[in-house]
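Presented below is the structure to which this report refers.
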Amino acid sequence: MISADLAAGRTSDRRSARPQQTRAAVGNLPTRLRPADLLRITDQGVADVLDGHYDRLLPREWDPVERWSARLESDDDLDLWLISWTPDRSTDLHDHAGSLGALTVLSGELKEYRWTGADLAVRILAAGDQAAFPLGWVHDVQHHESPAPDSLGPLHLDDDQRAATHTVQASQIGPTLSVHAYAPPLTAMSFYEVTEQQSLRRTRTELTDEPE
Ligand SMILES: [Fe+2]
């Protein structure tokens, strides 16, 4: 069971998260789904996980060392995954080949390193945060450890600060989880390293239908 606090206020209607199937293709993207669609779908996926819709897929206990993932939904347009993140298990810089992607953090926090074209930009994604990955997006995603609750300062908290406190507490008592969508479903990933000249060098490409 995943934190009931995080489920508060969410409703479940997975069908409403999918766009109309008659939508015409836009530009030359390989999918009719847009990044905004994927963000909405992953947000709905988080709601469905919290509502127990996928309890049959969840492990009996969360492994604090090894990562875990489960494909929640799959069709011709989209794969939806629930992924766990553990310390010291980075993914290496990678792209998603011909797939767009998006994620919503369900619990805990993630640190993303993203190649900007000149260097690596870093951001922290906390529970409820979202990120979309257009074609060509190269990043490395890692588990991120939150600060201890008693380091958060005085107890005069506004609503946003109170929500952040709940996020910290949730990350310390449960797994770090995120819901990811890929459209079309993932078929390959290329991996990269940053050279001494501050450029990106592709080191290998793997055919895979599973996310990092
Ligand atoms: Fe990725």
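Every number in this text was worked out from the coordinates using simple rules, so none of it is lab data. Every value quoted in this text rests on a predicted model; they were computed, and no experiment measured them. Reconstructed Cβ throughout: ideal geometry from the backbone, glycine too, with neighbour counts over all protein chains shown.
Using only side-chain charges placed at the Cβ, +1 for Lys and Arg and -1 for Asp and Glu, the dipole size of region 24-135 relative to its Cα centre rounds to 200 debye. For Arg204, neighbours were defined as the other residues whose beta-carbon sits under 14 Å from its Cβ, and their charges (Lys and Arg +1, Asp and Glu -1) total -3. The loop-placed trypsin sites (Lys or Arg not before Pro) in region 68-134, going by DSSP, that have at most 16 neighbouring Cβ atoms within 10 Å of their Cβ come out as Arg89. Inter-part distance, region 171-212 to region 25-83, computed on C-alpha centroids, equals 15 Å.
Of the peptides 93-101, 56-64, 134-142, 37-45, the order by per-residue mean of other Cβ atoms within 10 Å, starting with the highest, comes out as 37-45, 93-101, 134-142, 56-64.
Sum up the charges of everything whose Cβ sits under 9 Å from the Cβ of Pro184, counting Lys and Arg as +1 and Asp and Glu as -1, but leave Pro184 out. Summing Lys/Arg as +1 and Asp/Glu as -1 gives -3.
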